[in-house]
Amino acid sequence: MAGNKKIVSIKKYRKKENLNIGVILFGVVFLYLVVMIIMYFAKDKTAVYEVREGSILRDNSYTGLILRDETVVYADKDGYVNYFYESGKKVPFGYNVYLLTQDEILNESGEETKNEEVVLNSDNWNRLLMKVQAFNESFNINDFSSAKSLKEETNTILNSNTTQNRVTQLNTILENTQMEYIAYQSDEDGIIAYNIDGYESLTTENLSEKEISKNGYTKVSLVNNTKIKAGDPVYRLVTEKDWTLVIPLTEEMETQFLEQMGEKEYLYVKLRVAKDNEKIGGYLSIEHDKKNNAYGFIHLSDSLVRYVEDRYLDIELILENQSGLKIPKSAVAQKEFYVIPEEYLTNGGSSSSSGVLKENAKNGSIEFVEVNIFSRDIENGTVYVSTQNFKDGDTLIKPESSEKMTLMEKMSLNGVYNVNKGYAVFTQVNILCESEDYYIIEEGTSYGLSNYDHIALDGSMIQDNQIISQ
């Protein structure tokens, strides 16, 4: 039995593997995505800026000294002074200005009129609030004179509310022969003010560095129903509407103003007064003192009454205030173009596009070359075209004529690269003014930019027709 046993060898056969197309396709797609992601992050990106409307305001801050035609009127007797007019009002010639009495004037309740309770009307409330608001906006912790000015202006508003009652009372005294008084009239027309500082006689000829610098400046307020002595100042009268604001100039500012003046002696300037944000214009001239310090004299002819109580004004001299499209300076690049007379342009080829007729230098044949016009100079009748399809010395033929010209003249234009279509297109810009980081360019030009256009932020890194990756 044992000899009849057979040993059988069993071999195991491997199963034939089937190729999985889905896995291969997934792997290819995955590999493609990985490569594209790596290329995307490795590729240089172009930063893009959206063009928006804006403005640039350039100004310089100064403290200016006010010069004007003014006189101080002095008392010729002792007594208590009371005024018929508010500070800053126009006083006609021959009208009563103040009353001098031997005793204090009392109100109906027997109190001094200067301590009379004040009830403000709506107009005076608004004036008072505007003064306080302007003070808050312009206050400088290093200059406490503005606080004193606010106090004086507030007192003026408070006193103006009782002016009518006081004038009525003074007129009653004029009719009362029992009270000893003297009425004084104005010797000339003018604007009246009730503060004195000793600078009333200053002119452009007798100025010194001390007055312009404001060092040690003080002024004295003149108050109703106050005892004065003969020879004391009673009021100040400004007799002319023209006035001058004097500002110190650095060498840089003097040079800039002189360049703007050219051959003229004056330069028209605009300024903003810090205390009330009022904008006024005048004519600036430049003078030097004995030490050769330069000063700007701004000659003004309006708004005098607003600042009749001031000797110094904090101002901002507005040098430029230009509106347009605002773009960063880094976006601007320069590119050369051929300058061609517009009369050499024609239409031809397979479309109605503009182009020129160029002569083949080898065989004399004429071919139509399409051009892109980047700018037009209407005054000179020329256009600026790309140098891409031309070279120096090419000959152009004037349409329907035998006249020819040789391409030689080139000119650089300022421009930016417009990327609205996904590739870079050079677009001319006309710069109106500039700040440290931005230009204001003209809006609405035929070949220029429009609001919300997208441009390359760094124009120096871009080439014509470059595909833009953001």
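The values are calculated or read from the model by the stated rules, or taken from the named source; none is laboratory data. Predicted model, so just to flag it, every value in this text is computed and none were measured. Glycine gets a Cβ as well: all are built from the backbone with ideal geometry, and neighbour counts include every protein chain shown. Surface accessibility is based on the protein's heavy atoms, side chains included, excluding ligands, DNA and RNA. Shrake-Rupley method; radii C 1.70, N 1.55, O 1.52, S 1.80 Å.
Name every residue in segment 257-278 that is assigned to a helix (DSSP H, G or I), open to solvent by 40 Å² or more (accessible area, probe 1.4 Å) and touching a strand residue (DSSP E or B) at 6+ places or on another chain (Cβ under 8 Å), in order of residue number.
The answer is Leu258, Gln260.
Here is the figure for segment 432-465: residues that are free of Cβ contacts under 8 Å to residues at least 60 places away in the same chain and either more than 17 Å from Gly54 (Cβ to Cβ) or of a type in the set (Val, Ile, Thr) (or both) total 3. As for segment 344-357, it holds at least one residue that is assigned to a strand (DSSP E or B), open to solvent by less than 30 Å² (accessible area, probe 1.4 Å) and either under 18 Å from Phe426 (Cβ atoms) or touching a strand residue (DSSP E or B) at 6+ places or on another chain (Cβ under 9 Å) (or both). Taken together, the criteria place Val371 among residues that are touching a Gly at 6+ places or on another chain (Cβ under 8 Å) and closer than 27 Å to Thr346 by Cβ. Do we find that Asp242 is over 26 Å from Gln133 (Cβ atoms) and in a strand (DSSP E or B) in this structure? So Asp242 fits the description; yes.
Being open to solvent by 40 Å² or more (accessible area, probe 1.4 Å) and assigned to a strand (DSSP E or B) is the filter; apply it to segment 205-232 and report the residue that is farthest from Ser303 (Cα to Cα). Top of the filtered list is Lys227. Only residues that are in contact with a helix residue (DSSP H, G or I) (Cβ under 9 Å, 6 or more places away or on another chain), of a type in the set (A, V, I, L, M) and open to solvent by 40 Å² or more (accessible area, probe 1.4 Å) were counted in segment 178-204, giving 1. The set of residues in segment 299-313 being assigned to a loop (DSSP other than H, G, I, E, B) and open to solvent by less than 10 Å² (accessible area, probe 1.4 Å) consists of Val308, Arg311. No other residue among Leu100, Leu128 is open to solvent by less than 50 Å² (accessible area, probe 1.4 Å), over 30 Å from Leu284 (Cβ atoms) and modelled with pLDDT under 90 apart from Leu128. In the set Gly393, Gly444, Gly422, only one residue is loosely packed, with under 12 Cβ neighbours inside 10 Å, under 36 Å from the mean Cα position of the chain (by Cα), modelled with pLDDT of 85 or more and on the phi > 0 side of the Ramachandran plot; that residue is Gly422.
Of the residues in segment 40-50, at least one is open to solvent by less than 50 Å² (accessible area, probe 1.4 Å), at negative phi and not hydroxyl-bearing (Ser, Thr, Tyr). Figure legend. Inter-residue proximity from segment 204-228: first residues in contact (Cβ under 8 Å) with a residue 60 or more places away in the chain and over 20 Å from Tyr85 (Cβ atoms), second residues aromatic (Phe, Trp, Tyr) and outside any loop (DSSP other than H, G, I, E, B), beta-carbon distance below 6 Å, spacing 6+ or different chains. Indicated pairs: Lys214/Tyr312; Lys227/Tyr80.
Residues that are of a type in the set (S, T, N, Q): find the strands (runs of 3 or more DSSP E) completely inside segment 380-470 holding 2 or more of those. Counting at least 2 such residues, we get 410-418, 425-428.
Condition test on Asp464, is it in contact with a strand residue (DSSP E or B) (Cβ under 8 Å, 6 or more places away or on another chain) and either open to solvent by less than 40 Å² (accessible area, probe 1.4 Å) or of a type outside the set (Val, Ile, Thr) (or both)? The answer is yes for Asp464.
Inside segment 221-254, residues that are within 23 Å of Ile280 (Cα to Cα) and among the β-branched types (Val, Ile, Thr) make up a count of 6.
Within the bounds of segment 45-52, is there any residue that is under 30 Å from Ala331 (Cα atoms), touching a Cys at 6+ places or on another chain (Cβ under 9 Å) and at pLDDT below 85?
There is no residue in segment 45-52 that is under 30 Å from Ala331 (Cα atoms), touching a Cys at 6+ places or on another chain (Cβ under 9 Å) and at pLDDT below 85.
Checked against (1) open to solvent by 50 Å² or more (accessible area, probe 1.4 Å); (2) in contact (Cβ under 8 Å) with a residue 24 or more places away in the chain, His288 meets all criteria but (2).
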